[in-house]
Structure formats: structure tokens, C-alpha cells
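Below is one structure, written out as C-alpha cells, with a few remarks after it.
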Amino acid sequence: ALVDLRVQGGNLTAPQFNAGVSIEIDPRPDDEVISSVVELSAIRSSSVAGPLIPLIELLEADIKSPWKHSAAAGLGVVIGRSGRDPMTLDLRTENPPLPNLLIGGAVGQGKSNLLLSIIYGFATRYSPDELELYLLDFKRGLEFKRFDADSQGEAWLPHTKVLGLESNHAFGVAVLQHVHDEMERRSDLFKSVNAGSIDEYRGTTKALMPRVLLVIDEFHVLFEGDEGYVDTCVELTEALAKQGRAYGIHLLLASQTISAFAGSP
């Protein structure tokens, strides 16, 4: 229960009690003491780390029964815990719309681990019939190389339609254009059955249509350099970001320097 405490003169009183308690209030500490306390607090807070949770624990249920979820209403994946509750990341067309993701963080802050956890989580929960991945890596293939086939042609991620390692502007534009063309194709299909979104189309036709997730690591590279490429990248990215959700097309963009592109799509 809350107790109403009041300082009156040199006494600390509580109206619900009959007697007060004599107190002596400490003087204000010196500026040097305050600075030392603030500095020490900053040092200690920067060294505080939450518990490490192995990804396999977060995906335990999906690993036991993989590819059992439908992506008709959206994509969802557990990426951590909030207390004892799972922390879920969602991509949805509506109710409410959550179409795209932007991940930013300095070197060593866990950006790449989060990016990989999201990809692994989606690929574990949804089959290739429910989810298609387009992966572009502008960081010399350091992160996405693991999704490529090994020397025996195995261990590749079956959801992956495009895997761009050491991607360049021309390849990036080609992939953006391909995904944009897919959006236009789906638009024509939806109109043919009077459907306004991917979940309506699937519900009406009973046909499978996978959601598309375009993942670009260090996406800011697309907006640097040759103006012809940059203008095209901006135009295509803006169209996909604004219109793609209705057609089950989502963007996941990651960069160390997103502040420079705060006004970009």
C-alpha cells in the first residue's frame, strides 16, 4: 500500500499515523560527486547484458513440427523473450498492416544475428510454398553465404529464389525489377477474381500463393554511386514499400547507416 509522507520543518510525517519522525535532510551533493555517480552509472549500464537465449530454444516448437503454418494472413516468428513471454515479430497485410522491416545498428550491436534469426525463423515455420526469399548481400556475402549450396550441392535454403552474394547495383536493380514485375502479375490475378489482397485471393481461389520477402543487407549501397541506378532503385523500392503489402510482398532492409537515409522510402 502507498503511504503519504510529508516533510514539514524538520519532521517526516504520515497523516495516517499519529506520531511524526524527526529527520535531517542531506545537503545537495557537490557537482563532482554527481558527475562521478553519473559516469559510473553509464559504465555499469553499458556492461549490462540480458540473458543469452539460443535460437534453437526459440524455434523449438517449429523445429519439432516444421512448415506447418499458413502465410495467408501474414508471417510471424519468435525472435526473443519479454520476461517469460515470447517476443514475436510479424509481417502482415492488414489488421493492422505491418508490411516492412528496417533494422539498423552499429558494428557489433547484433544486427546481423537478428537478421539471420528472422530468416531462420521464417524458413523453419513456413514451407517454400508459403514463403519465397530474395536475399541480397552488399557486405561481400559474409552473412548470406551460409544459405548457398555446399560443395556437394546440398545444405541450401529451399525457400531462396535469389541469392546475391557480393551484389552490385546492376544485380540489385534487376532483382528489384523482378519483384516489382511479380507485384504487377499478382495485381492482374487479383483483379481477375475481384480480390483486394493476398489473403482474399487465397480464400477465394483456394490456390497457394507464397508471400515474398526481399531481404537486403547494407541496403544503403543501392542509394549510392551512379545516379541512373540510384534513381531506378529509389523508384522501385518506393513502389514495393507502398504497394507490395496487398500482394504479399515485404521488404526487410538492414544497414549500419540508416540515419543518412531517414527520408528515403
Please tell me if Asp85 is at pLDDT 90 or above and either of a type outside the set (Phe, Trp, Tyr) or exposed (fewer than 13 other Cβ atoms within 10 Å of the Cβ) (or both). no
For region 88-111, how many residues meet the condition of being within 15 Å of the chain's Cα centre (by Cα), among the polar types (S, T, N, Q) and at pLDDT 85 or above? 2
What about Gly121, is it small (Gly, Ala, Ser), under 18 Å from Leu236 (Cα atoms) and open to solvent by less than 10 Å² (accessible area, probe 1.4 Å)? no
So in region 158-176, with the set limited to residues that are in contact with a helix residue (DSSP H, G or I) (Cβ under 6 Å, 6 or more places away or on another chain) and either of a type in the set (Asp, Glu) or under 15 Å from Tyr229 (Cβ atoms) (or both), which one is surrounded by the fewest Cβ atoms within 10 Å (Cβ to Cβ)? Val173
Taking region 28-78 only, how many residues are within 30 Å of Tyr120 (Cα to Cα), open to solvent by 90 Å² or more (accessible area, probe 1.4 Å) and either in contact with a Phe, Trp or Tyr (Cβ under 8 Å, 6 or more places away or on another chain) or of a type in the set (Lys, Arg) (or both)? 3
By residue number, the members of region 54-74 that are over 17 Å from the mean Cα position of the chain (by Cα) and assigned to a helix (DSSP H, G or I) are Ile56, Glu57, Glu60, Ala61, Asp62, Ile63, Lys64
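The values are calculated or read from the model by the stated rules, or taken from the named source; none is laboratory data. Since this is a predicted model, take the numbers as computed values, not measurements. Glycine also receives a Cβ, built like all others from the backbone with ideal geometry; neighbour counts cover every protein chain displayed. Calculation scope for accessible area: heavy atoms of the full protein, side chains included, ligands and nucleic acids excluded. Shrake-Rupley method; radii C 1.70, N 1.55, O 1.52, S 1.80 Å.
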